[in-house]
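Everything below concerns the one structure shown next.
None of the figures in this text is laboratory data; all of them are computed from the coordinates on show. What you see is a predicted model; the values in this text were computed from it and never measured. Because the Cβ atoms are built from the backbone with ideal geometry, glycine has one as well, and the counts that use them run over all protein chains shown.
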Amino acid sequence: MTVASKERKLTIARAMAEAIAQEMRIDERVFVMGEDIGPLGGVFGNTRGLYDEFGAERVRDTPISETAFMGAAVGAASDGMRPIVELMFVDFFGVCFDAIYNLMAKNTYFAGGEVQVPVVLMTSTGGGYSDAGQHSQCLHATFAHLPGMKVVAPSNAYDAKGLMTAAIRDNNPVIFMFHKALQGMGWLGTEKDAIVHVPEEAYEVPIGKAAVVREGSDVTIVGITSGVHHGLKAARRLAERGVSAEVLDLRSLVPLDRESIIASVRKTGRLIVVDEDYHSYGMSGEIISSVVEQGVPLRAAPQRVAYPDIPIPFTRPMEQWALPSADKIVTAFEKMTSH
Amino acid sequence: MKPSKEQQLWMYEHMLVSRYFEESIEKIYMEGKSPAFNMANGPIPGEMHLSNGQEPCAVGVCAHLEPSDIVTSTHRPHHVAIAKGVDLDRMAAEIFGKKTGLSGGRGGHMHIFDPKVNFSCSGIIAQGMGPAVGAALSRQMQRKDGVAVAFLGEGAANQGAFHESLNLAAVWKLPVIFVIEDNAWGISVAKRASTAIERNDQRAAAYGMPGHFVPGNDPLAVYEVAGEAIARARRGEGPTLIEIETYRLAGHFMGDAEGYRPEGEKDALFARDPIPKMREHLKANEGWSDADDAALVELTRSRVDAAIAFARDSAYPEPEEALEKVFV
Ligand SMILES: Cc1ncc(C[n+]2csc(CCOP(=O)(O)OP(=O)(O)O)c2C)c(N)n1
Ligand SMILES: [Mg+2]
C-alpha cells in the first residue's frame, strides 16, 4: 500500500520538537528556555536536537529560578521575542504562578490590546506510574479557569505537532500540556495509540477546535489527553455490546469548543466526561454545565469519570484505583442505562 | 569542636546504614524493570533519587541534633532521614508503598514524614526552607528549645524561596541552619552554568548571617562547622548558611544515563568515596581494627536487611484507603 509506505509515525515528544525546530528555522524571535532542555533535550524528550541545531543562545538551560524565568518570558515576549518556556511538571508551577496568571494572562488586557505576550509554556501532566502527589497532577482546570491564557493538550503526535505550531504562531500566551503516559518515553510506559503519522511539513491544528475521533450515536464521551484513550477503549468495549459511542477529543480547553460538544450530545442524548484532573470545580463540571445550560435534551443524567478529590497517592493499589479508566467509563454508561 | 571517638563511630555507622540502604533500594528498584525500563513497574515504582556519596552532609549535621529538633529535606531524603533517626522499617515500607509505611503508602520516597523525630521532606525545589524557618519561629515564640535545619541542593540556592527564607530567618534571628549539599549538579545542569558565584556560602553576607563552606565531602569537617552553627542557633544568635562540597555517586534518579558528566568524573568521585576514607581515618587515628569494622558492617547490614524484609512482608493498603487522611 502506497499510503502505508508514506507513514511517518512519531511520538508526541518528537512531534513537539519537530514543530519547535521548524518554527525556529523561519522565525529568529523564537527561543526556548527551561530546566534541562538544552543538551539533555528535556526530561521528556520534547526539545531533543534543538540545542545541537540552534545552539546555547536560542536553547537555554536555566537555573532553577522559575519566578525569574517565567517573568522573563513575559518581558521578552512583550519586547518582540517569542519565548517557549518549559517547566517539567505542572505540579511545580506554584513557585512562579504570579508571572503567569497576573502578568502573562492579563498584560494584553491591561494594555487595551496594545501589548502582545506570545509565550508558549510547555509542561507535563498526569500520573499512573507511582510518582505521588507532587509529580502526577493534571491541573487542567487551574490553568483553564484563569482568563487570558489559551490551554491546549494533545492526545496524539499529529495534534501535538499542529497545536505546537499554532501555539508558537499565536500572539497570545498558550499553555501546552503534554501527558507523560502519551509522550512516547519508554521509561514512562507508552500509549501506542498516541504514536501516529505526522506529516513532515509544518501545519497548524486550530486552537479551540475539538475533534470527533470516533463517531457514534448512543453516548458522547468527552475527554482530553489520557481521557481520550480511555474513551476510545471504552467505546470499543461498548461496541461489542452493540452500543455506539462517540468520542470527542477536546484538544483545547481554552477556547473550549462548546459547539462541537453540544452538537454531539444533541445527537446521542448522553454525556460522559473523562478527566484525570480532580473531580470538583473542574473541566468535567464545566462541560456538563455548558450542555445543560443550552437545554440539550438528555436521555440520562450526565456522568463524570474524574480523579477523586484527594492528593494523588504514591502506592500503586491506591493510585490505580483512583485513576480514570475504560472500565469506569463502561460502568458510568451502565448506570445511565440501567433503569 | 572535634567529635569524640563515640561520635565518629556514630557518624560512620549511619553512613554505612545509609549507603547499604541505598544499595539495597537500587537493586530492588530494578526488579521488574528489565529488559524494558518502565518506572511504573516492580516492587518500588516511581522516581528514585539516591543519596550515595552524600552521607557526610547528613551525619555531620544530624550528629548534633535531638529528636525534638526539626529537619526538612528534599527529593533526595534517605541519608538525612536515616541520620535524623527516622524509623527505618516504616521508611522502607513507605518506599515500597505498604500499609505499614510511615504514611500508609500515600507519600512514597519523596514524601517521608516521621513526626516522632520531626522529619519531613518534599519534592519541590527549595520548598523545605520556609517550613524550617516557620518551625524555628514556632520554637522562638513558644520559648521552647530546639533548632530547625533545612537541607537543600546547590541548585535550590537559585530559587526565590532560598533568598526569602534567608532574609526572613535573619531579620527575625531564628534558630535555623540552612545546609546546602553541593553535589555540583542539578539534574543535567552544572552548578557553574546555573549559579552566578562559585560558592553559595558567600550569599550569607547578603543576609547578614555567617556563611561557611566545607570542602572535601568530609564528615569530620562538617561535624565541626555544623556544631558551631547549631550551638550558635541554640544560644539565640540566629541563622547560619553552610555549603558542603559533596558527591552524587548515583544518577540524578534511577534510569539517568548521566551523559552530561565529563569523561572520568564518576571514577574520580568513586576514588574519593567518603566511606572508605572514613574507615581509613578511624583505623589510623582511633584504633579501629578490621575485626571492629567487619562487625559493624555486619550489624548495619542486618539492620537494613531487617527493614527491607519488614517492607517486603508487609501488606499493601486497601485501594479505598486512598480516600482517608485527606482531613483529620
Ligand atoms: C520548583 C521545582 N522546579 C523544578 C523541579 C525539578 N527538579 C527536581 S530535582 C531538580 C534538581 C535539583 O538540584 P539540586 O537542588 O542541586 O538537588 P540534587 O538533585 O542535586 O540533590 C530539579 C530541577 C522541582 N522538583 N521543583
Ligand atoms: Mg545538586
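Some notes on this structure:
- Annotation: amide H-H contacts under 5 Å for A:L271 (H modelled 1.01 Å from N, sequence separation of 5 or more, or interchain): A:T220, A:Q303.
- Whole-angstrom Cα spans of the stretch A:193-236 along principal axes, big to small: 37, 22, 17
- On the beta carbon distance between A:E7 and B:N167, with R0 = 60 Å, the FRET formula returns roughly 0.55.
- Full-stretch length increase - A:S290, A:Y109 - with 0.36 nm per residue and alpha-carbon distance subtracted: 62.6 nm
- Residue by residue along A:37-44, Cβ atoms of other protein chains within 10 Å of the local Cβ number 3 on average.
- Shielding by other protein chains, B:187-195, mean Cβ within 10 Å: 5
- Computed over neighbours whose Cβ is under 13 Å from that of A:I195, the net charge equals +1, Lys and Arg +1, Asp and Glu -1.
- With a Förster radius of 60 Å applied to the C-beta separation of B:N285 and A:T67, the computed FRET efficiency comes to 0.80.
- Taking only the Cα atoms of the stretch A:8-197, the radius of gyration and Dmax are 15.4, 46 Å.
- Shape analysis of the stretch A:28-120 yields a ratio of the Cα radius of gyration to the Kirkwood radius, Rg/Rh, of 0.98.
- Every Cα-Cα pair in the stretch B:260-328 was counted, and those over 20 Å apart are 64% of them.
- In the stretch A:241-310, trypsin sites (Lys or Arg not before Pro) in a DSSP loop with at most 10 other beta-carbon atoms within 10 Å: A:R241
- Test item: A:61-74 mean partner chain Cβ contacts at 10 Å: 4
- Between 0 and 90°, nearest 10: helix A:326-337 axis offset from chain A longest Cα axis: 40
- Amide hydrogen proximity for A:L253: with H placed 1.01 Å from N in the peptide plane, the residues at 5 or more positions away or on another chain lying under 5 Å are A:V151, A:V152, A:A153.
- Aspartates and glutamates with Cα under 17 Å of A:K335, excluding same-chain neighbours fewer than 8 positions away: A:D218, A:D327
- Using C-alpha pairs below 8 Å separated by at least 6 residues, the relative contact order for the stretch A:165-270 is 28 percent.
- Cα-projected label distance for A:D193 with B:E26, points at 7 Å along beta-carbon direction, nm: 4.1
- Taking only the alpha carbons of the stretch B:6-64, we obtain Rg and Dmax values of 14.6, 46 Å in that order.
- Normalised by residue count, the stretch B:38-80 yields a Cα convex hull volume of 90 Å³ per residue.
- Per residue of the protein assembly as shown, the DSSP helices (runs of n ≥ 4 H) give a summed -39500 (n - 2.57) that works out to -11500 deg cm²/dmol at 222 nm.
- Whole-Å semi-axes of the stretch A:211-337's equivalent ellipsoid (Cα gyration tensor): 22, 17, 13
- Chain B: translational diffusion in µm²/s, Stokes-Einstein, Kirkwood Rh over Cα pairs, 25 °C, 0.890 mPa s: 121
- Crossing angle, helix A:12-26 versus chain A [Cα axis fit, 0-90 degrees, rounded to tens]: 40
- Taking 22 Å as the limit for the C-alpha separation, the pairs B:K5/B:K116; B:K84/B:K191; A:K328/B:K98; A:K180/B:K266; B:K2/B:K84 exceed it in the case of B:K5/B:K116; B:K84/B:K191; A:K328/B:K98; A:K180/B:K266.
- Partners for B:K144 among aspartates and glutamates (Cα-Cα distance below 17 Å; same-chain residues under 8 apart left out): B:E66, B:D69, B:E237
- Sorted ascending by nearby beta carbons within 10 Å, beginning with the fewest, A:E66, B:E94, A:E201 become A:E201, A:E66, B:E94.
- Estimated FRET transfer efficiency (A:E215, A:R25; beta-carbon r; R0 30 Å; 0.05): 0.20
- Under Karplus coefficients 6.51, -1.76 and 1.60, residue-wise ³J(HN,Hα) of the stretch A:228-235 in Hz, glycine/proline x: 5, 5, 4, x, 5, 5, 5, 4
- Cut-off under 5 Å, modelled amide H: who pairs with A:R82 long-range: A:V30, A:F31
- 0 to 90° range, to nearest 10: angle between helix A:157-169 axis and chain A longest Cα axis: 50
- Chain A: Rg to Rh, with Rh as the Kirkwood radius over Cα pairs: 0.97
- In the protein assembly as shown, a dipole from Cβ-located charges (positive for Lys and Arg, negative for Asp and Glu) runs towards its positive end, and of A:V90, B:L102, A:G223 it is A:G223 whose Cα lies farthest in that direction.
- Rg/Rh ratio calculated on Cα atoms of the protein assembly as shown (Kirkwood radius): 1.00
- The convex hull around the C-alpha trace of the stretch B:183-328, projected and averaged over every direction, spans 15.2 square nanometres.
- Site pair B:D293 and B:K144 shows an inter-label distance of 4.3 nm when each label is modelled 7 Å from Cα along Cα→Cβ.
- Compactness of the stretch B:29-152 as Cα Rg over 2.2 N^0.38 Å, two decimals: 1.12
- Each peptide in B:82-93, B:229-240, B:25-36 was scored by the mean count of other Cβ atoms within 10 Å over its residues; highest first, the order is B:82-93, B:229-240, B:25-36.
- Seen from B:A294, the other residues with C-beta closer than 14 Å to its C-beta sum to a net charge of -2, counting Lys and Arg as +1 and Asp and Glu as -1.
- Relative contact order of the stretch B:54-127, taken over Cα pairs closer than 8 Å and 6 or more residues apart, is 33 percent.
- Packing-based ranking of A:74-84, B:179-189 yields B:179-189, A:74-84, ordered from highest to lowest mean Cβ neighbour count within 10 Å.
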